[in-house]
Structure formats: structure tokens, C-alpha cells
Amino acid sequence: MKTIRFWLLGLTFLLACQSNLNKINQGDANHAGLKLPEGFSALVFADNLGNARHLTVNSNGDVYVSLSKVKNGGGVVCLRDQHGTGRADLIKYHGIYSGTGIGLHNGYLYVGADTVIVRYKLTEGELVPSGKAETVASGFSPQNQHETKPITFDQDGNMYVNVGAPSNACQQEDRTKGSPGIDPCPLLDLHAGIWRFKADELNQDQAKDGYRFASGIRNAVAITWNKTENKLYAVQHGRDQLSQLFPDLYTDAQNAVLPAEEFLLVEDGSNFGWPYCYFDPAQNKKVLAPEYGGDGQKPGRCSEADDPIMAFPAHTAPNDLLFYTGNMFPEKYKNGAFIAFHGSWNRAPLPQEGYYVVFVPFKGKIPEGNWEVFASGFSGVDVVKSPRDAKHRPCGLAQGTDGSLFVSDDTAGRIYRIFYNK
């Protein structure tokens, strides 16, 4: 009798697991509002978390999300799916530091706040980190724009930090009509590039201990280390307001498509030309910025700047980058790149663009073929005239332990989980 009882309990457990799996595979009604390729589904993993920026997934499936503003006393949200339903059912807030950057390295949770990188110790089996925050890198100056500090780690114990430019184009008077650019631009000394630090060394100062790995990058919220190729990649936010600042040279229609958002393969010593240059996708080249004597045609000093490996539509705001290494999705996605585009504000009077996740197929270190929209519908409206119209805006990306794709939304604090129905 006891044997039969245990057998029945085991059967009940297996049926429950299968039921949960079926629920996950079905996803939410209408794929949680997303438009996806055939065979894919989506569900809401968690909702109303706060201003959810980047996120990362631990080896046990726990999810950690950075917030741009502290909520419920925490700058990081810790989430766990305790019952295998595909959704978070344990949600905890932790830490005083808010921001965008977040990552896992050697048993620590790293958080990239706007002026400091800290880490918290993780204990096996525990969802919430323990102990006080340890400062890994500091000395970053306060900024009123492009202040986020996204982070990534290589396989040799290094941490990379984007330090955006506190400026649109290094003008004498920022974002002022006709104001010339400062030449040389002093912001390049400690901004507009990617800095490298030792990942496990504490109390490093940007100016004294950081190494400027690459320069001439206006702002790369999307950075990641591609472990398959052992290379650093980033996607840059291009400059704004060409027609507003230089109406004699650019129309509003030109401003809506210039410049491209640049997908960068970042090598040690790379210089991508900001603020002197921008990439024109129609001419397929970098041209001299009007603040530095450019006319929209001549390359000038920009012929010496490094080119992107791919160009995306202007002002779409790429906010995260992930190279897919899982086994859930079809083979075409293996080792390719997903990029979350937060959405534009600077295309009026034309409709705004972005608010989607795209996929870029890769062969080795460079893209193979064209990019395609993978997930759309985040905005919840057919035409986005203003970012305020969007109900959700994709920001962060992470790969689940099962190969599913997590996407964060920093407008309503939603975390989507996208999976493939095999």
C-alpha cells in the first residue's frame, strides 16, 4: 500500500510538472502583446517592478534586475521561479545602488550605478545577496546625460565599463544652434569610451587605475563580451538634432535618418570618431560633423575613424546586446546577436522608431546577412508620435538557463520571457 501511495505521489508530481511545462509553452494570451516569429511564444515573467534596466540570470535560474530608481528600498530586484511555472513567484528588493549595469562574476553580483561600480556576495541557495556593497570602481563624474554605467566581463578577469559623453556633440554650448565644437574635445579624456578594470580588485579609480580600452563612442548602453569569439561588442547611441542645430545644412527629414546607430566590434585602441564624426548609412561612410566644419558630405579627419560592422536606423536607442548561445531557439539564432532598441524621441515630425528587439545573424566575428525585427509590439500603439505614447519600452536582455530570452521594460517594469515551442 505504501509503495502504491509513493507511486501515486510521484505520478501526481510529474503530471503537475508537465502541466506547468504546457502552460509555459502556451505562453500568455496574445503572447503578452508581442509580435514574434512563428513558433515563438511569450509570457510575463514579472510585472510592475520599477524602472527595470539591464538584467542577468544566475546558473540556478534566479534573475537579477537593475532599477534606474530605488523602489521598495532597493536598487536591484531579485526574482525566483520557485514552482517551475516560468514566472517569478518570489520577488525581493535589495541594495541602495540603482542604475543600469548589472552582471554576475565569480560568485558576486555587480551593479553599475551612475558614478560607481559595486558588488554583493552571493551565497549558494540564497536569492538575495549578503553583506555590504564593496566598491570595485569609482571616480566617475556625475553627469546630466548619458550617465549610465553598463558593464560586461571577459574571460581573463577584466571588467569593461561604458562611460558616456555628457554632451551631444562637444559643442561650446551644448545643444545650442550653431555653436561650434571644442577642438580637441576635452571630454574624451574621461568620457565617450569604454574603460577596462580588474574585475576582482576593489577601490579602483577611473583616472588612476582604469585603462581606456576604446574611445570616440558617444554612448554605448549596449555592451557585451562575446565569449564565443572572445571579443568586445557595443552598439552606440548616435548624436541628435542635426536639423535643429544646423538648419542650413539639414532638413527635418534628413535628421530623422541621420546618423546611424552603430554596431561596433571594439578592439583595444579602437577610436570611432565622436564627436568629430558620424556615420551616414546612405553614403556608407563616416562624415565630418557640422560642429567641426562638416557639410554632410566630406569625410575630413573621419577617414581615419573606425567603421561600424553594421548600421541601424537613427535615434532608435540600442540599450542592450546579447549573443545567443542557448539550444532552445532554432539553429539560425545560434551565436547571433539580439539587440533591444529602447525607441527614439528625435524623429519628429515623423513617427518615432524602434521599440523592438532585433536579431542579427553572425558568422564568426561579423554579421552575416541583414538584421530583422524579432520582437515588436512593446509600445502597444501602432504609431508612436512621442515616447510617452509607449506603454512598454525594451531595455535589457538576458538568456535563461533553458535558452529562453528575457526582455526588460523600464516604463512599466515588466519582464518578458520569450521561448520557442519545439
Looking only at the stretch 171-204, and only at residues there that are in contact with an Asp or Glu (Cβ under 9 Å, 6 or more places away or on another chain) and of a type in the set (D, E, K, R), the one that is farthest from Tyr160 (Cα to Cα): Arg175
Residues (more than 23 Å from Val65 (Cα to Cα), in contact with a Phe, Trp or Tyr (Cβ under 9 Å, 6 or more places away or on another chain) and either buried (at least 17 other Cβ atoms within 10 Å of the Cβ) or among the hydrophobic types (A, V, I, L, M, F, W, C) (or both)) located in the stretch 142-180: Ala165, Ala169, Cys170
Would you pick out the residues in the stretch 193-231 that are of a type outside the set (Phe, Trp, Tyr) and free of Cβ contacts under 8 Å to residues at least 24 places away in the same chain? Arg212
Residue pairs, Cβ under 7 Å, 6 or more apart or interchain, first in the stretch 298-311 and within 15 Å of Pro281 (Cα to Cα) and charged (D, E, K, R), second modelled with pLDDT of 95 or more and outside any helix (DSSP H, G or I). List them. Lys298/Val287; Lys298/Leu288; Asp306/Ser270; Asp306/Asn271; Asp306/Phe272; Asp307/Lys286
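Could you check, for the stretch 327-336, whether at least one of its residues is hydrophobic (A, V, I, L, M, F, W, C), closer than 26 Å to Glu229 by Cβ and outside any loop (DSSP other than H, G, I, E, B)?
no
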Which pairs do you get when a residue that is in contact (Cβ under 8 Å) with a residue 12 or more places away in the chain and surrounded by fewer than 22 Cβ atoms within 10 Å (Cβ to Cβ), found in the stretch 395-411, comes within reach of a residue that is part of a loop (DSSP other than H, G, I, E, B) and among the small types (Gly, Ala, Ser), reach meaning Cβ atoms under 6 angstrom, with the pair 6+ apart or on two chains? Gln399/Gly326; Thr401/Gly61; Gly403/Gly326
Filtered residue count, the stretch 299-351, keeping only those that are within 20 Å of the chain's Cα centre (by Cα) and at positive phi: 4
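Within the stretch 68-151, considering only strands (runs of 3 or more DSSP E) that don't extend past its boundaries, which have at least 2 residues that are over 21 Å from Ala199 (Cα atoms) and out of contact with any helix residue (DSSP H, G or I) (no Cβ under 9 Å at 6 or more places or on another chain)?
74-80, 90-94
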Considering only residues of the stretch 344-372 that are in contact (Cβ under 8 Å) with a residue 60 or more places away in the chain and in a strand (DSSP E or B), which is farthest from Pro313 (Cα to Cα)? Ile366
So, in the stretch 107-131, how many residues would count as being closer than 19 Å to Thr401 by Cβ, in contact with a strand residue (DSSP E or B) (Cβ under 9 Å, 6 or more places away or on another chain) and surrounded by fewer than 17 Cβ atoms within 10 Å (Cβ to Cβ)? 2
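The values are calculated or read from the model by the stated rules, or taken from the named source; none is laboratory data. Note that the structure is predicted; figures quoted are calculated from it, not measured. As a convention, Cβ positions derive from the backbone with ideal geometry for all residues, glycine included, and neighbour counts pool all protein chains shown.
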